[in-house]
Amino acid sequence: MKGFISCDWGITALRTRFVDADNQFVLAETSNDQGISAISALWKQSVRGEESRLLFYLNVIKNQIGILEKQLSFSLKDFHLIISGMASSNIGMMELPYKELPFNSDGSDLHMKMISASDEFRHEILLISGAKTQNDVMRGEETQIAGCETSNNKEELFIFPGTHSKHIIIKEHQAIDFKTYMTGEFFSLLTKNSILSGNLEESDCLLEGDKLKNFEEGVENSMQHNLLHASFFARTNGLFNRNTKKENYFYLSGLLIGTELKDLIHNKALISLVCNEKQKNYYFAALRKLGLEEVQFRDAMTATVNGQCKILLGKSHPHRFN
């Protein structure tokens with residue numbers, strides 16, 4: 001079989017998959033909360049020498065590969081492993097330098113490193129690095145861009161929601177600029193560690209009851225009020241019995257996502273949203289409220305897998321599949 005092991009290692013999550021390379025179909029997958037931040041903390045606690053750092057991280061992946069093998073009922077020994085995301089950062093398994101903008105949207109000129117298989121880890125590894133501007137950095141989204149089709153003659157804006165959302169500008173098949181928005185991290189901090197937390201209750205269904213209305217109210221307030229002032233409404237709405245805790249949760253979500261997106265009102269570029277289905281509902285609702293309805297959707301997992309496959313097969317890195 002022509003296949004490879006896909007690892008998408010973010011700050012808060014580790015996602016591992018086995019992919020049929022002929023059609024980029026995922027045959028098995030596993031995901032957990034062993035993100036780079038958590039594993040970095042465990043590494044520091046282990047007080048081991050720097051020479052064992054790489055193997056410490058690879059043992060985490062080895063456990064996930066074992067789960068994939070149980071799902072597949074066959075061994076993945078000797079299949080190539082490709083890793084994108086924060087694994088190449090200074091808190092990851094091995095730090096690689098960032099690629100300075102611009103970079104090719106097919107990922108062909110990104111910084112990468114091949115790591116040979118060994119007795120301890122029987123997989124050849126392709127580790128992909130990130131990209132930077134003068135004021136910004138990213139790791140992971142550059143690989144997803146490679147998995148998306150881009151226009152040759154129109155400027156495009158790709159939005160990647162997340163803990164640190166990215167807005168990437170593509171023109172003539174090159175990434176020419178991007179910005180980071182700490183939307184997800186701010187939301188987590190406010191809902192868990194602020195005075196607002198007592199007036200919030202997590203809920204999943206945006207389209208249930210009045211939650212969409214409360215979410216849209218948050219988006220609208222992001223346009224009309226200072227964020228630091230409008231955030232406090234999540235407390236007073238509860239004190240004055242205007243909203244339930246779940247409704248407040250959606251109000252605050254709308255406020256932060258609206259703050260991230262409000263600069264796009266006069267955007268002229270084609271917009272593509274690259275995310276999962278849950279994020280799609282939130283961002284599409286916010287973009288509609290802002291009058292931006294001509295938006296394409298691209299599945300984040302598909303973009304990651306397609307991008308990794310394209311890079312692994314790229315002319316600059318002609319590695320054979322098993």
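Please treat every number below as a calculation from the coordinates, not as lab data. Please read these numbers as outputs of a predicted model, since none were measured by experiment. Don't worry about glycine lacking a Cβ; one is built from the backbone with ideal geometry, like all the others, and counts go over all protein chains shown.
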Mind putting a number on the dipole of the chain about its Cα centre? Charges go on the C-beta only, +1 for Lys and Arg and -1 for Asp and Glu, and I need it in Debye to the nearest 20.
-> 340
Determine the distance separating the Cα centre of the stretch 64-132 from the Cα centre of the stretch 37-53; give it in Å without decimals.
-> 19
Amide H partners (placed H, <5 Å) of ILE271, local residues excluded = LEU157, GLN296
Determine Rg/Rh for the stretch 1-136; Rg is computed over alpha-carbon atoms and Rh is the Kirkwood hydrodynamic estimate from the same atoms.
-> 0.97
Note on the chain: contact order normalised by length, alpha-carbon pairs under 8 Å, 6 or more apart, percent, works out to 17
Kyte-Doolittle mean at least -0.5 and Cα axial length at least 27 Å: DSSP H helices in the chain = 53-72
For the stretch 161-213 versus the stretch 247-290, the gap between their alpha-carbon centres in whole angstrom = 8
Answer in debye to the nearest 20: the dipole magnitude of the stretch 183-291 about its Cα centre, from +1 Lys/Arg and -1 Asp/Glu charges placed on Cβ, is 120
Once phi is turned into ³J(HN,Hα) by the Karplus curve 6.51 cos²θ - 1.76 cosθ + 1.60 with θ = phi - 60°, what whole-Hz value does each residue of the stretch 105-110 show in order, with x for glycine and proline?
-> 5, 8, x, 5, 10, 6
Overall Cα dimensions of the stretch 183-291, principal axis frame, Å, largest first = 42, 28, 24
Would you calculate, for the chain, the mean residue ellipticity at 222 nm contributed by helices, counting each DSSP H stretch of 4 or more residues as -39,500 (n - 2.57) and dividing by all residues, to the nearest 500?
-> -11000 deg cm²/dmol
Sorted by chain and number, the residues with a modelled amide H under 5 Å from that of ASP177, at a separation of 5 or more or across chains, are ILE169
From phi via Karplus (6.51, -1.76, 1.60), per-residue ³J(HN,Hα) for the stretch 95-102 in Hz, x at Gly/Pro = 7, 10, x, 6, 7, 6, 5, x
Among LYS70/LYS246; LYS77/LYS132; LYS62/LYS154; LYS192/LYS310; LYS192/LYS289; LYS154/LYS179, the pairs whose Cα-Cα distance exceeds 31 Å are LYS70/LYS246; LYS77/LYS132; LYS62/LYS154; LYS192/LYS310
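For the chain, what is the Kirkwood hydrodynamic radius in Å, using each pair of distinct C-alpha atoms?
Evaluated on the chain, it is 20.9 Å.
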